[in-house]
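The values are calculated or read from the model by the stated rules, or taken from the named source; none is laboratory data. Note that this is a predicted model, so its numbers are computed, not measured. Neighbour counts are summed over all protein chains in view; Cβ atoms, including those assigned to glycine, are modelled from backbone coordinates with ideal geometry.
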Ligand code: SAH
């Protein structure tokens, strides 16, 4: 078991949640809306949970570690590859487009999900949680990026890729950042990378070993 407040307090004590904005997002977004009904009593346990289709909602500590690494700011345009339940996208929306700010200052999250069933579920969860005007769900293979006419500030990938997909890097604006797990598809030997675009070049930094489901599609595992 576990309750929302003590989970957030624990993640602060552990140094996972470090900034006020990530703390606010962790407190505001209700994870119980995003987990399947039969797991609702475990929504605030710090563990991944099955969401159907062989996929999982990440553990809260991983979500907020990634949100801290992304260095999110009010008003940004953020792309997430791997919507899953929609929970992670909602936490990002709560930082770049907080409920406390007027809508004209809001940024946007575009989240991409390859599985049609999960993409509908993510949309419904996000709507129930009140994020449908801040988060847009697209059902497609996002491994090669998405057809956008502008560069984006931040990219989050929530499935493990063989390497940083070049088309995703090309979507980043100068100074933009991407957080992506890279490594084997078998949950072993994956590194979480912080990627930055600096003077057009790719700067990669290894953060920690992680275990994510494999990225599918053109630049993923098949
Ligand atoms: N961020 C999610 C957890 C994601 S699990 C959450 O908060 O719940 C990883 C998701 O990535 C799965 O739903 C999987 O279907 C999706 N995925 C895998 N390959 C993909 C691809 N090429 N494009 C888009 N989504 C993909």
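Results, tabulated for the structure shown:
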item	result
Residue match in the stretch 31-43 (condition: farther than 12 Å from residue 134 by Cβ, in contact with a helix residue (DSSP H, G or I) (Cβ under 6 Å, 6 or more places away or on another chain) and touching a residue at least 60 places away in the same chain (Cβ under 8 Å))	yes
Criterion (part of a loop (DSSP other than H, G, I, E, B) and away from the ligand (no atom under 15 Å from the Cβ)) met by exactly one of 133, 143	133
Candidates 81, 95, filtered to the one that is closer than 20 Å to residue 145 by Cα and touching a residue at least 24 places away in the same chain (Cβ under 8 Å)	81
Those residues of the stretch 55-65 which are more than 9 Å from the ligand (Cβ to nearest atom) and either in contact (Cβ under 8 Å) with a residue 24 or more places away in the chain or closer than 22 Å to residue 98 by Cβ (or both), in sequence order	60, 61, 62, 64, 65
Enumeration of residues in the stretch 168-210 that are surrounded by 16 or more Cβ atoms within 10 Å (Cβ to Cβ) and in a loop (DSSP other than H, G, I, E, B)	171, 185
Residue in the stretch 80-103 that is within 11 Å of the ligand (Cβ to nearest atom), modelled with pLDDT of 95 or more, in a strand (DSSP E or B) and buried (at least 17 other Cβ atoms within 10 Å of the Cβ) present	yes
Matching residues in the stretch 121-149 - criterion: being touching a strand residue (DSSP E or B) at 6+ places or on another chain (Cβ under 7 Å), touching a residue at least 40 places away in the same chain (Cβ under 8 Å) and surrounded by fewer than 21 Cβ atoms within 10 Å (Cβ to Cβ)	146
Conditions (1) without any contact (Cβ under 8 Å) to a residue 60 or more places away in the chain; (2) within 20 Å of residue 210 (Cα to Cα): number failed by residue 158	(1)
Failed item, numbered, when residue 195 is tested on (1) in contact with a strand residue (DSSP E or B) (Cβ under 8 Å, 6 or more places away or on another chain); (2) within 16 Å of the ligand (Cβ to nearest atom)	(2)
Of residues in the stretch 169-192 being closer than 21 Å to residue 61 by Cβ and touching a residue at least 60 places away in the same chain (Cβ under 8 Å), the one nearest to the ligand (Cβ to nearest atom)	179
Index of the failed condition, residue 161 passing every other in (1) within 14 Å of the ligand (Cβ to nearest atom); (2) in contact with a strand residue (DSSP E or B) (Cβ under 6 Å, 6 or more places away or on another chain); (3) over 23 Å from residue 87 (Cβ atoms)	(3)
Residue list for the stretch 16-55, filter: surrounded by fewer than 18 Cβ atoms within 10 Å (Cβ to Cβ) and part of a strand (DSSP E or B)	50, 52
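Yes/no per residue for (1) touching a strand residue (DSSP E or B) at 6+ places or on another chain (Cβ under 7 Å); (2) within 13 Å of the ligand (Cβ to nearest atom); (3) under 27 Å from residue 219 (Cα atoms); (4) in contact (Cβ under 8 Å) with a residue 40 or more places away in the chain:
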residue: 4; (1), (2), (3), (4): no, no, no, yes
residue: 10; (1), (2), (3), (4): no, no, no, no
residue: 19; (1), (2), (3), (4): no, no, no, yes
residue: 45; (1), (2), (3), (4): no, no, no, yes
residue: 53; (1), (2), (3), (4): no, yes, yes, yes
residue: 71; (1), (2), (3), (4): yes, no, yes, yes
residue: 112; (1), (2), (3), (4): yes, yes, yes, no
